[in-house]
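Participant: The structure follows.
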Ligand SMILES: CC(=O)N[C@@H](CC(=O)O)C(=O)NC[C@H](CC1(C(=O)N[C@@H](Cc2ccc(O)cc2)C(=O)O)CCCC1)C(=O)O
Ligand SMILES: [Zn+2]
């Protein structure tokens, strides 16, 4: 049906619309259950057969979505109630399923599966040892190594393994996603993704929030740069320039928590890395999950279900390829909810467990709503649930209470150490959380063309994060594909929004819990009042526009960076004092020296053979 006639149905009988929506809801639960099972089977056992089964299921559910859109469009909803209107409207945009041409729809599903597989199977092979996957092998090197050359080997190796070969797929993906978005009535896929935030000044709000937070980022950046300069020296660090991307403890420089030991403000004061305690106490994945589940329960929130424990995949299997990138799943049948995570026994993964369980909590709280309302008030809300609770869990007081920290000092130096660890995660993330979709929105609207995918990527990475690649990159590289969300078609601005919202939620829950004093000290553990405040908002799902949900939990309707800035205020003052002699920002156009070859010791087989032939030639 041409789009125009789809919008003007003639049936004005709201009772019939409500009856149809009820029937649709039952059919939708079955249809989406089937396609979710197929995706789960593929992601937990990557085989050609499972990949094809998933593609077939996605094509099938697309036909279901098209039919629902047609039926929803038969109604003239002009005089219907808000709720009926909202439900019918949500059925009129159907994502990839809007592609009319069946071959193109199948092609998109093939391209998506191909990109996901390539990333998940990516490996880097040293000359003399086991090939390393991203998790856990390369991730461990990026977080633990302090060897400039070794870090470069892992950083370049990963990009080489999953970048260039993804470029053709990605170019086609962009075309097909835009075709789907136009069929949904949007100019391009970036506009479609932004439409989920329902306010028309969304990008202005983001820019204002970013401007408000960048002074804090600039101070953290200058302080960390100075510390890295003391370690890596002037060959690799300029005190006025960007920081080499590979020495910040993370494959994408998006979290700097893993170099806390290099930048800890007060060495002899306590710090919150619980990894050694997790290992020493013999924690396994299940026990880490239990600690998180117990925290949710202590707030009176829903605990994980028997099916969750029976069917989740919480450790990397050793007998098959899986998508290790952690994720939470809602099977749409009001019964099956799972986490898939290749859990490593680390602080990072302990926090990730809370993040994933936050998604499950949201699923459980809204599971009795109509399917069309089973989502976050906006995608940022869904990302903020687990992180909000993790703000309480991460406090030294709480970690000590659950036996994950031996001793806790309660003084200024310990506070600054704690805030530094939180800033290395939360503040370091902000520019990355912002630029990921800035790059993609520009790709989808055509501002960035395939000829300059990589140059524009690094322009944003340097402009916002103040980082530079360890060696100059060219268009033969395709570095965006080295970050999961790009090949896996997962939008990202939700995480930037979450980093603002989670401090607003935390502040509101702390007040409900009766906390007084510094926000950084707040732990809502065991507060039924805090749990009720959050739970009542989660139950709304996406039945109302997100300012309503935000007002429900915080009392006001706008995103604000103030709670985040209040939380970090002691560190802001401390950094400003530390940086009094520093030049903030990275205005200087500078590139680091070429990294040394790695491994330096093992001479490559190639070189050996070259030398051998030269020696032989000289003997003749
Ligand atoms: C079926 C499905 O796909 N379900 C969705 C959930 C849903 O939509 O219902 C889902 O599980 N998505 C996976 C994704 C995984 C993670 C992630 O990708 N994180 C970002 C950014 C970030 C950074 C700091 C931070 O504190 C929190 C997040 C990154 O690692 O860059 C990796 C570990 C943490 C979260 C996720 O859970 O969001
Ligand atoms: Zn998430």
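Participant: If you scan region 432-452, which residues turn out to be free of Cβ contacts under 8 Å to residues at least 60 places away in the same chain and over 24 Å from the mean Cα position of the chain (by Cα)?
Facilitator: If the condition is that a residue be free of Cβ contacts under 8 Å to residues at least 60 places away in the same chain and over 24 Å from the mean Cα position of the chain (by Cα), then 447, 449, 451, 452 are the ones that fit.
Participant: Same structure, new question: Output the residues belonging to region 70-84 that are crowded, with 19+ Cβ neighbours inside 10 Å and assigned to a helix (DSSP H, G or I).
Facilitator: 72
Participant: Condition (residue is at pLDDT 95 or above, within 13 Å of ligand 1 (Cβ to nearest atom) and out of contact with any strand residue (DSSP E or B) (no Cβ under 7 Å at 6 or more places or on another chain)) applied to region 519-541: is it met by at least one residue?
Facilitator: Looking only at region 519-541, we keep the residues that are at pLDDT 95 or above, and these are 519-541.
In the following step, the residues that additionally are within 13 Å of ligand 1 (Cβ to nearest atom) were identified as 538, 541.
Now narrow it down to the ones that are out of contact with any strand residue (DSSP E or B) (no Cβ under 7 Å at 6 or more places or on another chain): 538, 541.
Yes: one or more hits.
Participant: If we scan region 473-490, do we find a residue that is in contact with a strand residue (DSSP E or B) (Cβ under 9 Å, 6 or more places away or on another chain), away from ligand 1 (no atom under 16 Å from the Cβ) and either part of a helix (DSSP H, G or I) or at pLDDT 95 or above (or both)?
Facilitator: no
Participant: Restricting region 241-252 to residues that are assigned to a loop (DSSP other than H, G, I, E, B) and closer than 14 Å to residue 228 by Cα, which is farthest from ligand 1 (Cβ to nearest atom)? Full working, then the answer.
Facilitator: So in region 241-252, the residues assigned to a loop (DSSP other than H, G, I, E, B) come out as 241-242, 248-252.
Applying the additional criterion that residues be closer than 14 Å to residue 228 by Cα yields 241-242, 248-249.
On the way: 241: 25, 242: 21, 248: 14, 249: 13 Å.
Among residues in region 241-252 that are assigned to a loop (DSSP other than H, G, I, E, B) and closer than 14 Å to residue 228 by Cα, the one farthest from ligand 1 (Cβ to nearest atom) is 241.
Participant: Among 562, 578, which is the only one that is surrounded by fewer than 19 Cβ atoms within 10 Å (Cβ to Cβ) and closer than 25 Å to residue 385 by Cβ?
Facilitator: Numbers: 578 fails: closer than 25 Å to residue 385 by Cβ.
Only one candidate passes the filter, namely 562.
Participant: Quick check on my filter: what residues within region 348-402 are more than 29 Å from residue 92 (Cβ to Cβ), more than 14 Å from ligand 1 (Cβ to nearest atom) and assigned to a loop (DSSP other than H, G, I, E, B)?
Facilitator: Once the filter is applied, which keeps residues that are more than 29 Å from residue 92 (Cβ to Cβ), more than 14 Å from ligand 1 (Cβ to nearest atom) and assigned to a loop (DSSP other than H, G, I, E, B), region 348-402 yields 395, 402.
Participant: List, please: which pairs have Cβ atoms under 6 Å, are six or more places apart or on different chains, and start with a residue in region 488-504 that is farther than 17 Å from residue 553 by Cβ and end with one that is within 12 Å of ligand 2 (Cβ to nearest atom) and not in a helix (DSSP H, G or I)?
Facilitator: Correct list of pairs: 492/485.
Participant: Report yes if residue 410 is at pLDDT below 95, away from ligand 1 (no atom under 13 Å from the Cβ) and assigned to a loop (DSSP other than H, G, I, E, B), otherwise no. Give the derivation first.
Facilitator: Values: at pLDDT below 95: yes; away from ligand 1 (no atom under 13 Å from the Cβ): yes; assigned to a loop (DSSP other than H, G, I, E, B): yes.
Spelling it out, residue 410 is indeed at pLDDT below 95, away from ligand 1 (no atom under 13 Å from the Cβ) and assigned to a loop (DSSP other than H, G, I, E, B).
Participant: Which residues, counting only those in region 295-324, are away from ligand 1 (no atom under 11 Å from the Cβ), farther than 20 Å from residue 537 by Cα and under 24 Å from the mean Cα position of the chain (by Cα)?
Facilitator: So the first thing to find is which residues in region 295-324 are away from ligand 1 (no atom under 11 Å from the Cβ), and the list is 295-322.
Then drop every residue that is not farther than 20 Å from residue 537 by Cα, which leaves 305-322.
Listed by number, the residues that qualify are 308, 309, 311, 312, 313, 314, 315, 316, 317, 321, 322.
Participant: Restricting attention to region 41-59, which residues are within 19 Å of residue 330 (Cβ to Cβ) and not in a loop (DSSP other than H, G, I, E, B)?
Facilitator: 41, 42, 43, 54, 57, 58
Participant: Checking residue 261 against (1) crowded, with 16+ Cβ neighbours inside 10 Å; (2) farther than 30 Å from residue 89 by Cα, only one condition comes out false. Which one?
Facilitator: Every condition holds for residue 261 apart from (1).
Participant: While we're here: Among the numbered criteria (1) crowded, with 16+ Cβ neighbours inside 10 Å; (2) more than 16 Å from ligand 1 (Cβ to nearest atom), which single criterion is violated by residue 52?
Facilitator: (1)
Participant: Can you find a residue in region 325-344 that is near ligand 1 (Cβ under 10 Å from one of its atoms), assigned to a loop (DSSP other than H, G, I, E, B) and modelled with pLDDT under 95?
Facilitator: So far as region 325-344 goes, yes, one or more of its residues are near ligand 1 (Cβ under 10 Å from one of its atoms), assigned to a loop (DSSP other than H, G, I, E, B) and modelled with pLDDT under 95.
Participant: Go through region 372-392 and report how many residues are surrounded by fewer than 23 Cβ atoms within 10 Å (Cβ to Cβ) and either under 24 Å from residue 45 (Cα atoms) or more than 16 Å from ligand 2 (Cβ to nearest atom) (or both).
Facilitator: 2
Participant: Please count how many residues of region 432-468 are out of contact with any strand residue (DSSP E or B) (no Cβ under 9 Å at 6 or more places or on another chain) and either within 13 Å of ligand 1 (Cβ to nearest atom) or part of a helix (DSSP H, G or I) (or both).
Facilitator: Of region 432-468, the ones out of contact with any strand residue (DSSP E or B) (no Cβ under 9 Å at 6 or more places or on another chain) are 432-457, 459-460, 463-464.
Next, only the ones that are either within 13 Å of ligand 1 (Cβ to nearest atom) or part of a helix (DSSP H, G or I) (or both) stay: 432-444, 450-457, 459-460, 463-464.
Final tally of qualifying residues: 25.
Participant: Here is a list: 505, 496, 429. Which entry is within 16 Å of ligand 2 (Cβ to nearest atom), within 20 Å of the chain's Cα centre (by Cα) and more than 26 Å from residue 584 (Cβ to Cβ)?
Facilitator: Numbers: 496 fails: more than 26 Å from residue 584 (Cβ to Cβ); 429 fails: more than 26 Å from residue 584 (Cβ to Cβ).
Answer to the selection: 505.
Participant: Having 1 or more residues that are more than 26 Å from residue 259 (Cα to Cα) and in contact with a helix residue (DSSP H, G or I) (Cβ under 9 Å, 6 or more places away or on another chain) is the bar; report the helices (runs of 4 or more DSSP H) wholly within region 133-218 that clear it. Let's see the steps before the verdict.
Facilitator: Details: elements: 139-144, 148-162, 167-183, 189-195.
Correct list: 167-183, 189-195.
Participant: Would you tally the residues in region 521-532 being surrounded by fewer than 20 Cβ atoms within 10 Å (Cβ to Cβ), under 28 Å from the mean Cα position of the chain (by Cα) and part of a helix (DSSP H, G or I)?
Facilitator: Qualifying residue count, region 521-532: 2.
Participant: Follow-up. Within region 108-128, count every residue that is touching a strand residue (DSSP E or B) at 6+ places or on another chain (Cβ under 9 Å) and part of a helix (DSSP H, G or I).
Facilitator: To start, the set of residues in region 108-128 that are touching a strand residue (DSSP E or B) at 6+ places or on another chain (Cβ under 9 Å) comprises 120-126.
Going one step further and asking which of them are part of a helix (DSSP H, G or I), we end up with 120-121.
So the count comes out to 2.
Residue-by-condition table, conditions (1) touching a residue at least 40 places away in the same chain (Cβ under 8 Å); (2) buried (at least 19 other Cβ atoms within 10 Å of the Cβ):
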{"residue": "89", "(1), (2)": "no, no"}
{"residue": "118", "(1), (2)": "yes, no"}
{"residue": "132", "(1), (2)": "no, yes"}
{"residue": "139", "(1), (2)": "yes, yes"}
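The values are calculated or read from the model by the stated rules, or taken from the named source; none is laboratory data. The shown structure was predicted, so the numbers you read here are calculated from the model rather than taken from an experiment. Cβ sites come from the backbone with ideal geometry, for glycine too, and all protein chains shown count toward neighbours.
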